[in-house]
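Data block below; observations after.
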Amino acid sequence: MIPSYSAPDLQSFPLTMIVGHILDPDGKDLLKKISGEILHRITQPIIVVDQQGQVVTTNKAFDELCCAGAVPTKNNVCFNEMDFKDEEVTKILDFGIPIMNCRDNMLIDEHTNIPVNVHIYPIFSGNKVRSGAVCLVHDITREVSYNKLLKQSEIILNTINTGVIAVDNSLKITMFNKYAEKSFSFSQRQVIGQPFGDFIGQFIEDKEQVLNALTKQKEIRDRELVFYINNNKHHYICDTYLLKNDVDESDGTIIFLKNITKIKEIELQLARSEKLSIIGELAAGTAHEIRNPLTTVRGFVQVIHQKLRQMGINEFDDQVNLMLAEIDRVNQIITDFLNLAKPKQTQIQLLDINSLLNEVMFLMENEALRQNIKINKVLAPSLPSVVGDKDQLSQVFLNIISNAFQAMGEKGVLTIKSTASDDQSMVIIDLIDNGVGIPKGLLDKVFDPFVSTKEDGTGLGLAISNRIIADHRGEIKVTSLPGAGTTFSVILPAGEI
């Protein structure tokens, strides 16, 4: 649709007559001059071409449009693609059919072009022979710039490592970027139009605080939220910004969610390292002071036991054996202290992780049979080798498997799976049980010293395992669902000696 006057409607304004006078070779000069003056007064940029597509004239508005370069004449009006002399163009116009919405770039000089949208209307003389055409030129620089900016914004929005979600005033989701799709495993199509409260309620427990702020149109700054996504705990920093329309009225809210899970994990590792440092000082300073009296006590208990047996007194055998076992247990705890604080020197070698897992499973085979536990092995062939200490890594897997056996009890199922990352740079070992799971409140603390879900546990086994894997430049991750089981993932770098 062509607006009136500034963009003349050929049916409501006698532009055809004016252009007809200009194109008429037999027309009177005065009439042509008047028609030209009228054409110059029209604020819509106009080009007039003859039957062959040769530019006859342009109006003042068109000349002003081209002011960035030399003012065009009938010889230098040029478009990137459109050609008024093109045979197809002239043929269409000869049939009296206007050509609408030709988007093109008008070339001003070698460095300057103007994006335009052109409408071409055929002009016929009195004998119904087409004498030329009038071209209405619309400058679409703003539209093109806006679309370009919009496209750039979309690219930025969908490449930043931050979840971006927009909601309207009724808190329905209106925008959901690529990172949000990846983070929450939902596509934009699935969530657009859905209530934000229903969506976020699947992942966080304290959604009411967030929803209250959104409802009251209060902006949120640097609020840490904990999300549970696919049974994994994730930490996000939430910031919200109110959206306003042209008259400064509320038009919704945009929500930014920055994943800081890795940062929290590093903070946790630093806190654990600090604890280990304290434990190391404690262990180094007290180990011998505790062990020496224990050795003396153990020796005297054995001597007394031997004397009693020589006297034919056997009724205290069970108590004596229990005392010796408890003394040995205390000694083992001290050894674990020392290993946790200052691990043994590693004996580095090139390891086939599948062979190592098979050896570990062979050691646990009798215990699995005794508890009627089924072990599923899903070991990927041709895994890259890892560099590490065989005994220490075996200790890690034995510890995790022993914990799994205790969590499952009889008739449990343990799946041991090995894979490589897509780029073959990491080897991943998943140990998946169907036991009782780990309470949500303990999940972040399972690798801390002295944290255990077992009544007789010291809480040092997983702490030592975590230290060993960290010394191998690897990582242990745990996911768990109470009542449904636990997965420990050991991630080790592939490499060569």
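The values are calculated or read from the model by the stated rules, or taken from the named source; none is laboratory data. This one's a predicted model, so the numbers in the text were calculated from it and none came from an experiment. Glycine also receives a Cβ, built like all others from the backbone with ideal geometry; neighbour counts cover every protein chain displayed.
Overview of results
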item	result
Members of segment 148-204 that are among the polar types (S, T, N, Q), in contact with a helix residue (DSSP H, G or I) (Cβ under 7 Å, 6 or more places away or on another chain) and not in a helix (DSSP H, G or I)	158, 161, 162, 177, 187
Which numbered condition residue 139 misses (of (1) outside the structural domain of residue 39 (by TED's automatic domain parsing); (2) charged (D, E, K, R); (3) in contact with a helix residue (DSSP H, G or I) (Cβ under 7 Å, 6 or more places away or on another chain))	(1)
Complete set of residues in segment 219-262 that are of a type outside the set (Val, Ile, Thr), in contact with a Leu (Cβ under 9 Å, 6 or more places away or on another chain) and not in a strand (DSSP E or B)	219, 231
Residue selected from segment 99-127 under the condition more than 23 Å from residue 23 (Cα to Cα) and in contact with an Asp or Glu (Cβ under 7 Å, 6 or more places away or on another chain), by the criterion surrounded by the most Cβ atoms within 10 Å (Cβ to Cβ)	116
All positions within segment 425-435 that are of a type outside the set (Asp, Glu) and over 16 Å from residue 475 (Cα atoms)	432, 434, 435
Criterion (modelled with pLDDT of 90 or more, surrounded by 14 or more Cβ atoms within 10 Å (Cβ to Cβ) and under 16 Å from the mean Cα position of the chain (by Cα)) met by exactly one of 187, 183	183
Any chance residue 155 is exposed (fewer than 15 other Cβ atoms within 10 Å of the Cβ), in contact with a Ser or Thr (Cβ under 8 Å, 6 or more places away or on another chain), within 23 Å of residue 252 (Cα to Cα) and without any contact (Cβ under 8 Å) to a residue 60 or more places away in the chain	no
Scope segment 450-487; condition on the phi < 0 side of the Ramachandran plot, modelled with pLDDT of 75 or more and in a loop (DSSP other than H, G, I, E, B); matching residues	460, 472, 474, 482, 484
Yes/no for residue 243 being over 26 Å from residue 443 (Cβ atoms) and in contact with a strand residue (DSSP E or B) (Cβ under 9 Å, 6 or more places away or on another chain)	yes
Segment 63-116, subset touching a Pro at 6+ places or on another chain (Cβ under 9 Å), assigned to a loop (DSSP other than H, G, I, E, B) and not aromatic (Phe, Trp, Tyr), residue modelled with the lowest pLDDT	66
Verdict on residue 465 being surrounded by 18 or more Cβ atoms within 10 Å (Cβ to Cβ) and hydroxyl-bearing (Ser, Thr, Tyr)	yes
Unmet requirement for residue 224, which otherwise passes all of (1) at pLDDT 85 or above; (2) surrounded by 12 or more Cβ atoms within 10 Å (Cβ to Cβ)	(2)
Failed item, numbered, when residue 349 is tested on (1) loosely packed, with under 13 Cβ neighbours inside 10 Å; (2) without any contact (Cβ under 8 Å) to a residue 40 or more places away in the chain; (3) not hydroxyl-bearing (Ser, Thr, Tyr)	(2)
Residue list for segment 404-424, restricted to those being modelled with pLDDT under 90 and either part of a helix (DSSP H, G or I) or of a type in the set (Phe, Trp, Tyr) (or both)	406, 407, 408
Count of segment 473-497 residues which are of a type outside the set (A, V, I, L, M) and out of contact with any strand residue (DSSP E or B) (no Cβ under 9 Å at 6 or more places or on another chain)	2
Which listed residue is under 23 Å from residue 478 (Cα atoms) and among the basic types (Lys, Arg), from 244, 178, 233, 216	233
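To keep it simple, each residue is scored yes or no on (1) in contact with a helix residue (DSSP H, G or I) (Cβ under 6 Å, 6 or more places away or on another chain); (2) surrounded by fewer than 16 Cβ atoms within 10 Å (Cβ to Cβ).
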site: 409; (1), (2): no, yes
site: 412; (1), (2): no, no
site: 415; (1), (2): no, no
site: 420; (1), (2): no, no
site: 424; (1), (2): no, yes
site: 428; (1), (2): no, no
site: 440; (1), (2): no, yes
site: 447; (1), (2): yes, no
site: 450; (1), (2): no, yes
